[in-house]
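The values are calculated or read from the model by the stated rules, or taken from the named source; none is laboratory data. Given the structure is predicted, the values throughout are model-derived calculations rather than measurements. Cβ atoms come from the backbone with ideal geometry, glycine included; neighbour counts cover every protein chain shown.
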Amino acid sequence: MRTLQNILVTGGAGFIGSNFIRTLLTQDTGFQGRVVNLDELTYAGNAASLNDIQAEFGGKRYFFVHGNICDNKILSGIFTEYNIDTVVHFAAESHVDRSILGPEVFLHTNILGTFNLLEAAKTAWQKNDGSIKEGVLFHHISTDEVYGSLGAEGFFSETTAYDPRSPYSASKASSDHLVKAYFHTYGLPVTVSNCSNNYGPFQFPEKLIPLMILNMLEGKKLPVYGDGKQIRDWIHVEDHNAAVRLILQNGKSGETYNIGGENEWENIRLLHKLIEIVCDKAGLNKDTVMQTITHVTDRLGHDRRYAIDCTKIKNELNWKRQFDFETGLANTVDWYLNNKEWIDNVRSGEYRNWIQKNYTRR
């Protein structure tokens, strides 16, 4: 088992990254080291999601650095100052619709940014003889979308051929290959995980589940792409992050691990379930809300079905899900109902002022 001491988390102000940091520092995971959160705070990065962590651990076990993974000077400084032994690379442009409208930033961040981070890790960890020092690991967070689209049956496994269908998934596929190339070429210890759709607290409101919850609460239309029969595999963010922790501790260098919820839902069926939960909890009229479902023009190149076979991580690392979907979904609805200030700060754009109010550049 690897001992985690000084972890660099890129994109740690995002949805999955902020939940990962909170879990590391507040739950009984056995981790006693330090976390450095490097985040550019683009539109989906919200450092206020970690205000409680900053208050309790800031300057002791938690350190925030405002910066871009394409900035080589910042990367070099972090590896040197904090003696980083583990990288967990969440940072990415990640919205398919945005990648269709403007793909260039996805290529820049997801490909060039990953390359720069790999170079910084290699430089910091490479000994004079060219070998890599012991006890280090670069873990790359990826997506099931790199595999393309499934038919009515079958599952993505770690050996499924890549077949990305959007600029987003193509950029992530490219970064996956770069990470593996650094393992084979330079001996850099790496692991990769490809995960299905995450849900849970602190997710940016443009994503499907929070968007639908908030639109219901505000009496807005509920837009559904095409016929709504696209199928996705859903996993709670805490289950995903528990899998990542196991990979960091016990994963085999050079390996890929698929992380899935084993929980397939048609988008329209998921929306109906959400309507049921939100109406019950918020006292809304279900029939009225159902009438706000609006089918819109389907997304260009919309993948029809994703489904993950996570047998490998269950068998090799003894991972298993803790959240059943209906309970996790109900808990997620509760979170959005009970965190109006967070939502208002995001909706108003006030969260973007966090830097001016809370941060002095290093």
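Does residue 354 satisfy the condition of being closer than 23 Å to residue 236 by Cα, of a type outside the set (Asp, Glu) and at pLDDT below 95? Talk me through it step by step, then tell me what you get.
On the way: closer than 23 Å to residue 236 by Cα: no; of a type outside the set (Asp, Glu): yes; at pLDDT below 95: yes.
No.
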Residue 33 passes all but one of (1) in contact (Cβ under 8 Å) with a residue 40 or more places away in the chain; (2) over 22 Å from residue 143 (Cα atoms); which number fails? (1)
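Quick one: which helices (runs of 4 or more DSSP H) lie wholly within the stretch 94-144 and hold at least 3 residues that are in contact (Cβ under 8 Å) with a residue 12 or more places away in the chain and farther than 20 Å from residue 198 by Cβ?
Working: elements: 96-101, 104-107, 114-125.
Answer list for the stretch 94-144: 114-125.
Can you say whether residue 58 is of a type in the set (Gly, Ala, Ser) and free of Cβ contacts under 8 Å to residues at least 60 places away in the same chain, as far as the supplied structure shows?
Criteria met by residue 58.
For (1) among the polar types (S, T, N, Q); (2) more than 14 Å from the chain's Cα centre (by Cα); (3) farther than 30 Å from residue 290 by Cβ, each residue gets a yes or a no:
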| residue | (1), (2), (3) |
| --- | --- |
| 191 | yes, yes, yes |
| 212 | no, yes, no |
| 223 | no, yes, no |
| 241 | yes, no, yes |
Assess whether residue 304 counts as being more than 19 Å from residue 43 (Cα to Cα) and basic (Lys, Arg). yes
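Restricting attention to the stretch 185-203, and to residues there that are more than 24 Å from residue 148 (Cβ to Cβ) and touching a helix residue (DSSP H, G or I) at 6+ places or on another chain (Cβ under 8 Å), which single residue is surrounded by the fewest Cβ atoms within 10 Å (Cβ to Cβ)?
Checking each candidate, the answer is 186.
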The lone exception for residue 204 - which of (1) modelled with pLDDT of 95 or more; (2) of a type in the set (Phe, Trp, Tyr); (3) within 30 Å of residue 274 (Cα to Cα) it fails: (1)
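Taking the condition part of a helix (DSSP H, G or I), surrounded by fewer than 21 Cβ atoms within 10 Å (Cβ to Cβ), without any contact (Cβ under 8 Å) to a residue 12 or more places away in the chain and of a type in the set (S, T, N, Q), does residue 159 pass?
Values: part of a helix (DSSP H, G or I): no; surrounded by fewer than 21 Cβ atoms within 10 Å (Cβ to Cβ): yes; without any contact (Cβ under 8 Å) to a residue 12 or more places away in the chain: yes; of a type in the set (S, T, N, Q): yes.
Judged against the criteria, residue 159 is not a match.
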Among the residues of the stretch 171-184, is any part of a loop (DSSP other than H, G, I, E, B), on the phi < 0 side of the Ramachandran plot, aliphatic (A, V, I, L, M) and surrounded by fewer than 22 Cβ atoms within 10 Å (Cβ to Cβ)? no
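Residue by residue, here is whether (1) polar (S, T, N, Q); (2) closer than 30 Å to residue 267 by Cα; (3) at pLDDT below 95 holds:
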| residue | (1), (2), (3) |
| --- | --- |
| 117 | no, no, no |
| 126 | yes, no, no |
| 137 | no, no, no |
| 150 | no, yes, yes |
| 160 | yes, yes, no |
| 175 | yes, yes, no |
| 178 | no, no, no |
Would you point out which residue out of 152, 161, 181, 173 is more than 23 Å from residue 81 (Cβ to Cβ), hydrophobic (A, V, I, L, M, F, W, C) and in contact with a Pro (Cβ under 7 Å, 6 or more places away or on another chain)? 173
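Select from the stretch 76-103 the residues that are aliphatic (A, V, I, L, M) and touching an Asp or Glu at 6+ places or on another chain (Cβ under 8 Å) and write down the one among them that is nearest to residue 144 (Cα to Cα). Before you say what the answer is, go through the steps one by one.
First, the residues of the stretch 76-103 that are aliphatic (A, V, I, L, M): 78, 84, 87-88, 91-92, 96, 100-101.
From what is left, the residues that are touching an Asp or Glu at 6+ places or on another chain (Cβ under 8 Å) are 91, 96.
Numbers: 91: 16, 96: 13 Å.
In this case the residue turns out to be 96.
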